[in-house]
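**Student:** Let me give you the structure first, and then I'll get to my questions.
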Amino acid sequence: MSVSAQTARDAHVASRSARPVWWLVLKQEMVELWVGGRVLNLLVLFGVLMSITTYLLATNNEIGLIPPDQTVVVGLTAAITFGLFIGLVIAAESITGERERGTLEPLLLTPASHRHVVLGKFLAALSVWPAAFVLAVPYVATLSRGEAVLWPALFWGGLVGTVLSITFVGLGMVVSIWSESTRVSLFVCLLVYAVSLVPSQLPSQLQESAAGTWIAVLDPVAAAGRLLTRTVQQGSPIGQVWPFIGAPVAVTVVVVGLLFWVAAPRLGLEAGGVRGRPRPVGLVAPVGSSKATP
């Protein structure tokens, strides 16, 4: 029995009990992602990328090219960036993959709200970030070289990474619901991911200008990078960095609202998932049933 079919059967049982359907969807998705090995493979890639990044930063640190507080910020930013990539890839395939494999229909035919199905998948895709952050802690600790910058870096990095993970996982699921195929969903999500990294690659003079500041405020990834630099490296008080806190939070609220109040109710089997009104949950009209049965 497939994971979605098992989830659908459990959802029918949950509809007659006190167990929420989103919890059953979450449980089955966690089994598929973690026990099935998909997340573990991506975390191995995460570890390889963090090892390379930490080695390069530590080498520059030893010869005095980069101070420890700056290497910590760069390493933490790299960990967040790699973690966002993993969550986005999983979210981009969460709905289109089920639709292509034909395993989405059992979920949609259960007597459960489409929002519950989306919530379970959303939380499962979001579970990758805590694991990635825990894996990143030894690398960041190595880069800190025993300096006191480690603890504020972990605090702000965990907070910023969580907010951005919610944003990118939610965005990936919105795109997955509205896409015709996994290929299209992945292409759109990776394009957005690449565009969000562009501001951080701009020349430093442009980043420090008024235009660069506005770009950083509008781009949640750039805003997170500025926030880590100001708070961890420069020790700026919260009153001076509040725009870089408010921007990612505002984008997160918009994306989550778009996912659960616009996209989720329109979840369907059709290509794109949003054409027409949502299909009634729990009702199936067999072909040819329009005629009365003698």
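The values are calculated or read from the model by the stated rules, or taken from the named source; none is laboratory data. Quick caveat, the model's predicted, so the values are computed rather than measured. Neighbour counts are summed over all protein chains in view; Cβ atoms, including those assigned to glycine, are modelled from backbone coordinates with ideal geometry.
**Student:** Give PRO130, PRO111 a once-over and let me know the one that is surrounded by fewer than 22 Cβ atoms within 10 Å (Cβ to Cβ) and not in a helix (DSSP H, G or I).
**Tutor:** Going through PRO130, PRO111 in turn, just one is surrounded by fewer than 22 Cβ atoms within 10 Å (Cβ to Cβ) and not in a helix (DSSP H, G or I): PRO111.
**Student:** Of the conditions (1) assigned to a helix (DSSP H, G or I); (2) of a type outside the set (Asp, Glu); (3) crowded, with 19+ Cβ neighbours inside 10 Å; (4) touching a Ser or Thr at 6+ places or on another chain (Cβ under 8 Å), GLY97 satisfies every one except a single condition; which number is it?
**Tutor:** Failing condition for GLY97: (3).
**Student:** Next question, about the same structure. Which residue, of ILE80, ILE66, is surrounded by 21 or more Cβ atoms within 10 Å (Cβ to Cβ) and hydrophobic (A, V, I, L, M, F, W, C)?
**Tutor:** ILE80
**Student:** Sticking with this one: Against the definition (modelled with pLDDT of 95 or more and in contact with a helix residue (DSSP H, G or I) (Cβ under 8 Å, 6 or more places away or on another chain)), how does SER165 come out, yes or no?
**Tutor:** Spelling it out, SER165 is indeed modelled with pLDDT of 95 or more and in contact with a helix residue (DSSP H, G or I) (Cβ under 8 Å, 6 or more places away or on another chain).
**Student:** So how many residues does the stretch 207-257 have that are among the small types (Gly, Ala, Ser), assigned to a helix (DSSP H, G or I) and more than 24 Å from LEU143 (Cβ to Cβ)?
**Tutor:** Matching residues across the stretch 207-257 total 8.
**Student:** Checking the condition without any contact (Cβ under 8 Å) to a residue 12 or more places away in the chain, over 30 Å from GLY102 (Cα atoms) and either surrounded by 18 or more Cβ atoms within 10 Å (Cβ to Cβ) or not hydrophobic (A, V, I, L, M, F, W, C) (or both), which residue from GLY212, GLY146, GLY158 passes?
**Tutor:** Step by step, each of GLY212, GLY146, GLY158 is checked, and only GLY146 is without any contact (Cβ under 8 Å) to a residue 12 or more places away in the chain, over 30 Å from GLY102 (Cα atoms) and either surrounded by 18 or more Cβ atoms within 10 Å (Cβ to Cβ) or not hydrophobic (A, V, I, L, M, F, W, C) (or both).
**Student:** Oh, and also: Among the residues in the stretch 244-266, are any in contact with a Lys or Arg (Cβ under 8 Å, 6 or more places away or on another chain), closer than 20 Å to SER200 by Cβ and surrounded by 15 or more Cβ atoms within 10 Å (Cβ to Cβ)?
**Tutor:** yes
**Student:** I'm trying to understand the selection: among the residues of the stretch 179-206, which are crowded, with 19+ Cβ neighbours inside 10 Å and either in contact with a His (Cβ under 8 Å, 6 or more places away or on another chain) or part of a helix (DSSP H, G or I) (or both)?
**Tutor:** Within the stretch 179-206, THR182, SER185, LEU186, CYS189, TYR193, SER196, PRO199 meet the criteria.
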